[in-house]
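Participant: First, the structure itself, so that you have it in front of you.
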Amino acid sequence: MLDTFGALLSPLCVAAVISTGVSWRWLLVALGLSSFAYAALILRTTFPSPANGQSEEDSSLLSGLRDNLHHVLHSRDVLRWLIFMFALEILETPNVLRTVWLSEQAGMDQALVGLYVAFEMAVNLFSLFYLDRWLARSNARRILQTANIALFIVIPLWLFIPGILPRFLLALPLNFFFAFYWPIGRAQSLTSAPGRAGAVTALNSLFGLIPVTLLFGLLAEAVSLTTATLWVSLAALAILTLISARLPATPPVSDS
């Protein structure tokens, strides 16, 4: 939810700065300088020892990296969630050109596009708020399977239904269920290797080396943006569905 609040603040900051007549370049300069404050906070932060019992004094950097990678890459649970996160990245790729599609294909002007994006973020906030309560009485597998089924239906409807109002209405279930994937996948991937969340995060970041966005752009140029969005989304959902089906049906965690 904090991340989504940040996403809401970003366009507001840009709009506020530009409305005062200040160049957007100064906003970027200010943001760059703010990183020093962030660095100062990190320097003053103490971190707990790894759960696996090793400390920095116990092993060298190279041996620690080798041990972490060996453990992570030989864990079926870790690999499952790494594949899940990569499939999610593919599912999110069409969002890069979403506003372009809304303008060129859905016929929305700039004001409507801005209103639509704000509506999406509001739905995301509500979805994350609801997810916390849903997890208390259900489990990740059931929630993800529900989201998979819903998006298999809603995404094609959202792409091909005529009119602007129906697209706004379909944005409610579309973004409501879409918002479930990242917090569940991220949390499960980090806890899949106790004490080695850093190694999992490092491996997950390597997916950024794969030019998924470029490949999607080339596909969209070849077959149209609508068609590329449909097939890429359905392919990613198929992978997420297969992974979700293999998750253990653990009971909900009780607050007591």
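Participant: Once the Cα atoms of the chain are picked out, what are the Rg and Dmax in Å?
Facilitator: So, for the chain, Rg and Dmax equal 20.9, 63 Å respectively.
Participant: Please give the solvent-accessible surface of E104 in Å², to the nearest 10, using a probe radius of 1.4 Å with every protein chain present.
Facilitator: Solvent-accessible area, nearest 10 Å²: 130 Å².
Participant: I would also like to ask the following. Enter the angle in degrees (range 0 to 90, nearest 10) between the Cα long axis of helix 110-137 and the first principal axis of the Cα atoms of the chain, meaning the one along which they spread out most.
Facilitator: The answer is roughly 40 degrees.
Participant: Something else about it: Can you tell me which of R25, R76, R246 moves the most in a GNM of the chain? Springs connect C-alpha atoms under 10 Å apart.
Facilitator: Of R25, R76, R246, the most mobile in the Gaussian network model is R25.
Participant: With a 1.4 Å probe and all protein chains kept in place, how do V232, V100, V200 rank by accessible area, largest first?
Facilitator: My answer, sorted largest first, is V100, V232, V200.
Participant: Between the alpha-carbon centers of segment 22-44 and segment 222-243, tell me the distance in whole angstrom.
Facilitator: Rounded to whole Å, the Cα centres lie 37 Å apart.
Participant: Order the peptides 7-18, 163-174 from the highest to the lowest mean number of other Cβ atoms within 10 Å of their residues.
Facilitator: The packing order, highest mean first, is 163-174, 7-18.
Participant: Quick one, can you get me the convex hull of the C-alpha atoms of segment 67-122 expressed as volume per residue in Å³?
Facilitator: Working: hull volume 5.7 nm³, N = 56.
That works out to 102 Å³ per residue.
Participant: Arrange the peptides 147-159, 123-135 so that the one whose residues have, on average, the most other Cβ atoms within 10 Å appears first.
Facilitator: Values: 147-159: 17.6, 123-135: 15.9.
Most protected by this proxy first, the peptides run 147-159, 123-135.
Participant: In addition: Relative to the longest principal axis of the chain, what angle (0 to 90°, nearest 10) does the C-alpha long axis of helix 61-73 take?
Facilitator: So the inclination is approximately 60 degrees.
Participant: Just to confirm, what accessible area per residue do you get for segment 113-195 at 1.4 Å probe, in whole Å²?
Facilitator: Accessible area per residue: 46 Å².
Participant: Provide the solvent-accessible area of M121, counting protein heavy atoms only and rolling a 1.4 Å probe, rounded to the nearest 10 Å².
Facilitator: Approximately 40 Å² of M121 is accessible to the 1.4 Å probe.
Participant: Further, regarding this structure: Once R0 is set to 30 Å, what does the formula 1/(1 + (r/R0)^6) return for the Cβ-Cβ distance between A16 and F160, expressed as a FRET efficiency to the nearest 0.05?
Facilitator: 0.20
Participant: Heavy atoms only, probe 1.4 Å: what % of the accessible area of the chain goes to carbon and sulfur, would you let me know? Display every interim value, and only then the final one.
Facilitator: Values: 10760 of 15620 Å².
Carbon plus sulfur share of accessible area: 69 percent.
Participant: Per DSSP helix of 4 or more residues, -39500 (n - 2.57); summed, then divided by the residues of the chain. What does that give at 222 nm, rounded to the nearest 500?
Facilitator: After summing the helix terms and dividing by residue count, I get -24500 deg cm²/dmol.
The values are calculated or read from the model by the stated rules, or taken from the named source; none is laboratory data. This one's a predicted model, so the numbers in the text were calculated from it and none came from an experiment. Positions of Cβ are backbone-derived with ideal geometry, glycine not excepted, and every protein chain shown enters the neighbour counts. The accessibility values were calculated without ligands, DNA or RNA, using every heavy atom of the protein model including side chains. Shrake-Rupley method; radii C 1.70, N 1.55, O 1.52, S 1.80 Å.
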